[in-house]
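Written below as structure tokens is the structure these notes are about.
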Amino acid sequence: MDGLLFLIPALPFLAFVLIVLFTNQDQKVSAGLTIGATAVSWLLGWYFAFRAFFDPHGVAEEPIRLSIPWFPGGYSIFYTGFQVDVLTAVMLFMVPFLCFLIFVYSVGYMEGDPRFSRFFAYLALFATGMLGFILADNLLLAFIFWELMGVCSYLLIGFWSFRKPGETHIDHAQVKRARAASIKAFITTRVGDTIMLAGMVLLYAMTGSLRWSEILAPETLEKLADKIVSMPVFGVAPWATVLAILIFWGAIGKSAQFPLHVWLPDAMEGPTPVSALIHAATMVSAGVYLIIRTFPLFHVVAEGSNSAMWFVAFIGTFTALFAATIGIAQFDIKRVLAYSTISQLGYMFAALGIGAYIAAAFHLLMHAFFKALLFLGSGSVIHAMHHGHHVSHEHGHGHEELPIEFNPNDMRLMGGLLNKMPRTAWTFIAGGLSLSGFPLITAGFWSKDEILADAWHGGHMIVFWTLAIAAFVTAFYTGRQIFMVFFGQPRSEAAKHAHESPNSMTVPLVILAVFAIAAGWVGIPETFPGLGAVVRGWFQSLMGAQLEALHLEHETLPFNAAPLLISMTMAVGGLFVAWLIYGRKPLGYEDPLARPLGGLWQAWHNKYWVDELYQATVVAFAKWLAHFLYNFDDRWVIDPIVDGVGRYGRRFAGAVRRFIDEQIIDRIVNGTAWVSNVLGEFLRQIQTGQAQNYLLAILITVTVLIVLGIGVG
């Protein structure tokens with residue numbers, strides 16, 4: 001069975017090839033290929049995952065491997081392939097399963113789209129990238145699949161930009177937004193990837209390898225920690241710190257952390273399954289997975305001042321609160337979730353920065369389930385609003401007077417959808433409670449509380465209180481979203497005529513809701529009163545085996561009621577305040593906080609004007625530089641040199657033509673022609689046309705030859 005490991009990413013890639021080459025005209029077959037290939041990858045992934053779950057210490061010490069020699073590197077052959085250890089097993093439990101559910105959901109969501117088959121081909125290619133990334137046994141192969149995900153992100157975010165003017169119900173503004181968002185995502189993430197690539201090159205130069213087992217070996221890490229480098233940016237620092245920070249920039253871009261966070265909210269212009277798959281559940285999680293995978297490199301210089309760890313903690317902590325506050329003042333149902341994703345990923349990085357390896361991995365897993373549920377639920381709501389809008393037109397309500405332009409994503413036009421679409425509503429509420437960290441019963445509570453407990457126990461009080469405030473804000477904007485969308489009265493004809501989505505969309509929601517609530521129970525700490533004795537910290541024990549294999553210490557946190565009570569208060573308090581403002585009284589089209597908060601609310605609504613700042617500085621400088629280099633090329637240096645060389649070449653060719661061609665070559669050719677003419681004139685005299693003359697010439701010739709032969713003899 002170990003030989004089948006390569007099939008996990010290979011099967012979705014085969015589906016992609018078959019759709020592109022053969023089945024793109026048949027939508028059902030194309031969708032079936034993608035879903036079927038992903039289903040087999042899911043089953044194979046769970047086979048290897050549960051092997052690790054049942055023998056965590058054995059798999060952590062001796063991972064399941066499938067390696068082949070690739071190309072010479074230095075004095076040895078570079079081996080590449082796939083491996084499964086405990087960390088990989090955790091991702092294999094989550095990624096293919098979520099991909100499968102989202103692909104099934106996509107059948108109903110994308111029904112009727114003229115590029116249905118193309119969409120499923122892109123989904124299959126993305127699954128290839130994500131599955132290959134988590135299975136790669138070396139950083140080079142992981143980077144290849146990492147970039148493949150970047151390509152798929154570009155294609156799927158900009159999927160609506162492929163629409164043509166002749167299609168019905170085309171929104172030209174959305175086409176432009178989708179095109180701009182796809183380019184923005186691709187360029188922004190490339191910034192982080194370029195810095196990360198520099199770190200990879202330096203890492204290979206220092207170690208001669210990129211395999212996880214070799215670059216994360218204790219002796220390699222000690223060498224990197226002992227070697228000191230003096231650089232303008234880093235000052236005097238161990239090579240391990242420099243390499244860790246460079247690699248972390250790749251995660252900053254991929255996981256949309258400040259200051260490279262700006263691409264993720266705009267990425268919501270893609271179809272909702274894309275938002276759930278790439279920008280909530282899996283791809284943006286790849287950055288967190290990368291840092292968890294390379295955690296020993298960050299941790300190796302923990303004694304004293306570890307600038308790499310503190311840098312990770314600062315970026316994560318700041319982003320968690322920064323993005324959460326922006327989510328308070330957004331009206332697009334998916335943009336609220338987008339900023340929530342940025343904030344929750346910040347939680348994970350903050351945990352890694354303070355050394356909470358297990359807590360970060362646990363929150364990564366739980367977040368994938370409840371955030372995928374929320375994005376798919378928002379897609380179901382948008383689908384229903386679209387349908388309700390068309391039905392209202394059919395019933396003669398097409399010219400409804402609204403103070404704002406109709407947008408099926410706008411929460412101000414929703415309300416009262418709990419009765420219209422109960423399955424979507426209750427599953428969305430389950431996901432929202434988990435995101436809020438509702439105490440004891442939700443997965444999000446156990447994973448988020450673990451991070452806060454680690455921060456409290458380690459004495460990282462700035463990190464703790466910042467994340468605690470972010471938890472309150474998260475619960476508040478989640479409650480705001482739930483009350484604006486599902487409670488109260490419908491605030492538009494579209495909301496009045498909305499109805500439940502088809503089973504292909506709601507069944508995945510129900511399954512994900514179960515995980516959003518119950519999955520977190522596997523991580524109840526062993527020291528938690530009552531419940532801990534039942535679960536005994538199964539997830540902590542599982543990941544503890546991975547830490548032991550990496551020669552890192554694993555400490556069981558003692559129970560402390562203080563961070564627990566603070567966490568519970570923040571979650572319940574945020575939801576309660578949201579109910580006071582958005583749920584207790586009927587809502588209008590203006591946010592109740594807009595006027596009281598004034599400029600602060602405007603700052604949140606305008607995302608602190610970071611996009612405008614980048615447009616005025618980074619983008620403006622890039623355009624100026626491009627214009628300058630164009631002038632440098634076209635007017636000042638390169639083109640004038642090329643033109644001068646051309647002019648010199650033409651003059652030189654003219655001189656050569658006059659001297660060599662006319663004086664030498666032409667004379668030789670003309671002389672040859674003159675000789676030919678003279679000989680021709682002479683030979684023409686013997687061409688009489690009389691046979692007797694020819695016989696006489698032959699006779700004379702033969703006689704001469706005989707005489708010469710006798711003379712020579």
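The values are calculated or read from the model by the stated rules, or taken from the named source; none is laboratory data. All values derive from a computational prediction rather than experimental measurement. Here the Cβ is made from the backbone with ideal geometry for all residues, glycine too, and neighbour counts use every protein chain on show. These area figures cover heavy atoms from the full protein model, side chains too; ligands, DNA and RNA do not enter into them. Shrake-Rupley method; radii C 1.70, N 1.55, O 1.52, S 1.80 Å.
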Separation between the Glu681 and Val201 pseudo-spin-labels, each 7 Å from Cα along Cα→Cβ, expressed in nm?
-> 7.5
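According to the square roots a ≥ b ≥ c of the eigenvalues of the Cα gyration tensor, what is the shape class of region 359-489, taking rounded for a/c under 1.5, prolate for a/b larger than b/c otherwise, and oblate for the remainder? It would help to have the intermediate numbers written out before the result.
Details: a/c = 3.40, a/b = 2.51, b/c = 1.35.
It comes out prolate by the Cα gyration axes.
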Whenever you get a sec, compute what percent of the accessible area on region 83-153 sits on carbon and sulfur atoms (1.4 Å probe).
-> 67
Determine the per residue accessible area of region 531-590 with all protein chains present and a 1.4 angstrom probe, expressed in square angstrom.
-> 55
At Trp624 and Phe54, where each label point lies 7 Å from the Cα along Cα→Cβ, what is the point-to-point distance in nanometres?
-> 6.5
Added length on full extension, which subtracts the Cα-Cα distance from 0.36 nm per residue, His386 to Arg190 | 67.1 nm
Packing rank of 558-571, 326-339, 4-17, 584-597, where each peptide gets the mean count of other beta carbons within 10 Å, highest leading = 326-339, 4-17, 558-571, 584-597
Scoring the chain by relative contact order with C-alpha pairs under 8 Å, at least six apart, yields a percentage of 11
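If a/c stays under 1.5 just call it rounded; otherwise compare a/b with b/c (prolate if a/b is bigger, oblate if not). Do that for region 83-162, with a ≥ b ≥ c from the square roots of the Cα gyration tensor eigenvalues.
Oblate, because a/c is 1.5 or more while a/b does not exceed b/c.
Counting each DSSP H run of 4 or more residues in the chain as -39500 (n - 2.57), what helix-only mean residue ellipticity at 222 nm follows after dividing by all residues, to the nearest 500 deg cm²/dmol?
Computed mean residue ellipticity for the chain: -22000 deg cm²/dmol.
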Read through the labelled values (i) 16, 45, 22, 6, 6, 5, 1; (ii) 15, 39, 34, 11, 0; (iii) 18, 53, 28, 1 and report the label of the one computed as P(r) over Cα pairs in 20 Å bins from 0, in percent from the structure.
-> (i)
Using a simple charge model, +1 on the beta-carbon of Lys and Arg, -1 on the beta-carbon of Asp and Glu, nothing else, what dipole does the chain show about its Cα centre, in debye to the nearest 20?
-> 1320
Averaged per residue, what accessible surface does region 125-263 expose to a 1.4 Å probe, in Å²?
-> 37
In whole angstrom, the spacing between the Cα centers of region 209-230 and region 99-116 equals 45
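Taking N as the number of residues in region 583-696, what is its Cα Rg relative to 2.2 N^0.38 Å? Let's see the in-between values first.
Working: Rg = 42.8 Å, N = 114, 2.2 N^0.38 = 13.3 Å.
Ratio of Rg to 2.2 N^0.38 Å for region 583-696: 3.22.
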Along each of its three principal axes, how wide is the spread of alpha-carbon positions in region 1-150, in whole angstrom units, largest first?
-> 52, 38, 24
For region 480-634, which semi-axes, largest first and in whole Å, follow from the square roots of 5 times the eigenvalues of its Cα gyration tensor?
-> 41, 33, 21
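So if I take the alpha carbon set of region 470-570, get Rg, then get Rh from the Kirkwood formula, what is the Rg over Rh ratio?
1.14
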Student exercise, region 1-120 dipole from Lys, Arg, Asp, Glu Cβ charges, in Debye to nearest 20 | 320
With point charges of +1 on the Cβ of Lys and Arg and -1 on the Cβ of Asp and Glu, referenced to the Cα centre of the chain, which listed residue (Leu625, Tyr204, His57) lies farthest in the positive direction of the dipole?
-> Leu625
By average Cβ neighbour count within 10 Å, what is the ranking of 665-672, 250-257, 517-524, 221-228 from highest down?
-> 250-257, 517-524, 221-228, 665-672
Which whole-number percentage describes the relative contact order of region 1-98, with Cα contacts under 8 Å and a sequence gap of 6 or more?
-> 30
Amide H within-cut-off set for Thr80, under 5 Å, with H built and near neighbours excluded = Ile68, Trp70
Given 0.36 nm per residue, what is the gain on full extension from Gln615 to Ala562 after removing their alpha carbon distance, in nm?
-> 14.6 nm
Rounded, prolate or oblate: pick one for region 41-112, where a ≥ b ≥ c are the square roots of the eigenvalues of its C-alpha gyration tensor, a/c under 1.5 means rounded, and failing that, prolate if a/b is larger than b/c, else oblate.
-> oblate
Measuring with a 1.4 Å probe in the full set of protein chains, what accessible area per residue, in whole Å², belongs to region 417-460?
-> 30
How high is the FRET efficiency from Ala653 to Phe632, r the C-beta distance, R0 41 Å, rounded to 0.05?
-> 0.90
Taking the mean number of other Cβ atoms within 10 Å as a proxy for protection, how do you rank 204-214, 407-417, 345-355 from highest to lowest?
-> 345-355, 407-417, 204-214
Accessible surface of region 416-507 [probe 1.4 Å, protein heavy atoms]: carbon and sulfur percent | 69
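Mean 1/r over all different Cα pairs, inverted: what Kirkwood radius does region 229-377 give, in Å?
15.4
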When we measure straight from the Cα of Lys334, which aspartates and glutamates land under 16 angstrom away, once same-chain ones fewer than 8 places off are left out?
-> Asp266, Glu269, Asp410
FRET efficiency for Gln663 and Phe71 from the Cβ-Cβ distance with R0 = 56 Å, rounded to 0.05, comes out at 0.45
For region 472-525, what size does the Cα cloud have along each of its three principal axes, sorted from largest down, in whole Å?
-> 48, 33, 12
Rh (Kirkwood; distinct C-alpha pairs) - region 272-359, Å | 13.7
